[in-house]
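Taking it in order: structure first as structure tokens, then the write-up.
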Amino acid sequence: MTDFFQDIPKARFEGPDSTADFAFRHYNPDEMLMGKRMEDHLRFSVAWWHSFAWPGGDPFGGQTFERPWFGDTMALARMKADVAFELFALLGQPYFCFHDADIRPEGDSFAQSTRNLEEIVEYIGQKMAAGGPRLLWGTANLFTERRFMSGAATNPDPDVFAYSAATVKTCMDATLKLGGENYVLWGGREGYETLLNTDLKRERDNAGRFLQMVVEYKHKIGFKGAILVEPKPQEPSKHQYDYDVATVYGFLREFGLENEVKMNIEQGHAILAGHSFEHELAMASSLGILGSIDMNRNDYQSGWDTDQFPNSVPEVALAYYEILKAGGFDTGGTNFDAKIRRQSLDPADLVAAHIGAMDVCARGLKAAAAMLNDGGLEAARTARYAGWDTAQAKTMLSGGLDGCYDHVIDNAVSPQPRSGQQERLENLVNRFV
Ligand code: XLS
Ligand code: NI
Ligand code: NI
């Protein structure tokens, strides 16, 4: 036991009227919604990088957090794991996620880094066996170290491609060993700063081959989880190849991977792409590639990835509405890819951030389930497209332009615009959030 969280109590569900600091007012793991426990709908996960590894820097200042486990030794990495599992015990969430670089110190060679990883994975495995949460996904950090500054899979230097592929292999091995349910690839440096020095076609081709190798290796080692790509439009690279869900889907099709790879969709990345979270979720669902979500909140003014904890129930409700409509998570879950603000120094801030976010998501989920049960939104949508259910409309789609022409002429077609009813539908949503 460390004494990091001191006497902060384990969070329990106390109901909406509770005034306790460290209690759930809405997240009630056993509450049934649409035939499933709330915990099994939401599948919450804590992100190792933000909560335990992030030092609190911003572009104008460095470290603000002074955590006793900061440093580059294995002993400190173990202390970090101890604290992580203490937070998990306070929250009771069912999952966590990590990058290799979050859990182990970098070695002075690839082989040493791998040994460090294996050792800490062993340690984490023991803690999981003693009753901790499970692994939602593992991933490789292929963006922080300077060797990745010109890309990982898209680097002009084949040695960096090899180093990155070897790193992913070790991280997939670690994920398999810990029983991870997914493996994520976010291509932080897979993009470019200037076209003047970039062979865009070669970079995309190499990124495609890299992802094929990942899928081949998944099958080789018998990893049953999903491979997930996490789109993001910019930052750190000016031009990212994995811009958004639709872009990544085109990429998957190009490399024959559309049935092998799904999406990990992040709220903040959707906003950076000029979309809404629910747009990205609906797009992935319509393409059959909705995998998991990184839940957070971007600042709508700043134009960069602020990774705040979610706190808007109406927004979160629309996201879970799309997820429930798609049948809910399979191997995916709700990973809090979110960090406390750099002034939030206290251990209590870290706990409260997660409790608050879990409550916001629970409220959003309950609202989404209520909207689906009410059926008003879907009824309005069905009515709006009802014309397409007629035999005549279906025949028209299988014909050509001249068929449409004949239809218009023969029936003296003269379309009459109808209201889109946006305000009425917004009012309908507001009955539930
Ligand atoms: C960064 C990404 C990252 C991924 C995992 O913006 O969200 O945290 O989720 O590499
Ligand atoms: Ni992000
Ligand atoms: Ni993310």
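Annotations for the structure displayed:
- Under the Karplus curve 6.51 cos²θ - 1.76 cosθ + 1.60, θ = phi - 60°, whole-Hz ³J(HN,Hα) for region 223-238, x wherever Gly or Pro sits: 6, 8, x, 8, 8, 10, 9, 10, x, 7, x, 7, 6, x, 7, 5
- Each principal axis of region 213-370 carries a Cα extent, and these read 45, 39, 31 Å when sorted largest first.
- Three-way shape call for region 138-189 based on the alpha-carbon gyration tensor, with the a/c threshold at 1.5: prolate
- Backbone HN-Hα couplings from phi across region 6-15 [Karplus 6.51/-1.76/1.60, Hz, Gly and Pro as x]: 6, 9, 5, x, 5, 6, 10, 6, 10, x
- Listed pairs LYS220/LYS262; LYS224/LYS262; LYS80/LYS218; LYS127/LYS177; LYS224/LYS366 exceeding 24 Å between Cα atoms: LYS80/LYS218; LYS224/LYS366
- Taking 0.36 nm per residue of separation and subtracting the current Cα-Cα distance, fully stretching the chain between ASN427 and THR2 would add 148.0 nm.
- Sulfur and carbon atoms: percent of accessible area, region 318-424 [1.4 Å]: 53
- Where N is the number of residues in region 303-365, Cα Rg divided by 2.2 N^0.38 Å: 1.23
- For the chain, taking the reciprocal of the average inverse distance between every pair of different Cα atoms yields a Kirkwood hydrodynamic radius of 23.3 Å.
- Solvent-accessible surface (1.4 angstrom probe) belonging to PHE223, in square angstrom, nearest 10: 10
- Of the DSSP H helices in the chain, those whose Cα atoms cover at least 15 Å axially and whose Kyte score averages 0.0 or more: 74-91, 158-177, 277-287, 313-325, 347-374
- Taking amide H positions as modeled 1.01 Å from N, with prolines and chain starts lacking one, the residues under 5 Å from GLY107 and 5 or more places away or on another chain are SER113.
- Euclidean distance between Cα centres, region 108-154 to region 303-371, Å: 25
- Amide H to amide H distances under 5 Å link MET295 with ASN335, PHE336, ASP337, where only residues 5 or more positions off or on other chains count and H is placed in the peptide plane.
- SER312 versus THR247: modelled label distance in nm, points set 7 Å from Cα along the beta carbon direction: 2.2
- Put simply, the amide H of TYR183, placed in the peptide plane, has neighbours under 5 Å in ALA226, ILE227, LEU228, leaving out anything fewer than 5 places away on its chain.
- Relative frequency of Cα-Cα separations exceeding 18 Å in region 50-167, percent: 57
- Accessible area expressed per residue, the chain, with surrounding protein chains retained (probe 1.4 Å, Å²): 48
- Average silhouette area of region 292-433, convex hull of alpha-carbon atoms, in square nanometres: 13.1
- Inter-label distance for ASP30 and GLN112, nm, one decimal - labels placed 7 Å from Cα along Cα-to-Cβ: 5.1
- Surface accessible to a 1.4 Å probe, HIS275 within the full protein complex, Å²: 50
- Rounded to 5, the percent of DSSP beta bridges in the chain classed as antiparallel: 15
- Applying the Karplus relation 6.51 cos²θ - 1.76 cosθ + 1.60 with θ = phi - 60° to region 33-43 yields 3J(HN,Hα) values of 9, 6, x, 9, 5, 4, 4, 6, 6, 7, 6 Hz, where x marks Gly and Pro.
- Helix-derived mean residue ellipticity, 222 nm - over the chain, DSSP H n ≥ 4, -39500 (n - 2.57), to 500: -14000 deg cm²/dmol
- Of all accessible heavy-atom area on region 154-302, the percent that carbon and sulfur account for (1.4 Å): 53
- Here HIS239 and ASP406 are evaluated by their C-beta separation; at R0 = 56 Å the FRET efficiency comes out at 0.75.
The values are calculated or read from the model by the stated rules, or taken from the named source; none is laboratory data. Keep in mind the model is a prediction, meaning the values are calculated, not measured. No Cβ is skipped: glycine too gets one built from the backbone with ideal geometry, and neighbour counts run over all protein chains shown. Accessible surface is based on the protein model in full, side chains and every heavy atom, while ligands, DNA and RNA are left aside. Shrake-Rupley method; radii C 1.70, N 1.55, O 1.52, S 1.80 Å.
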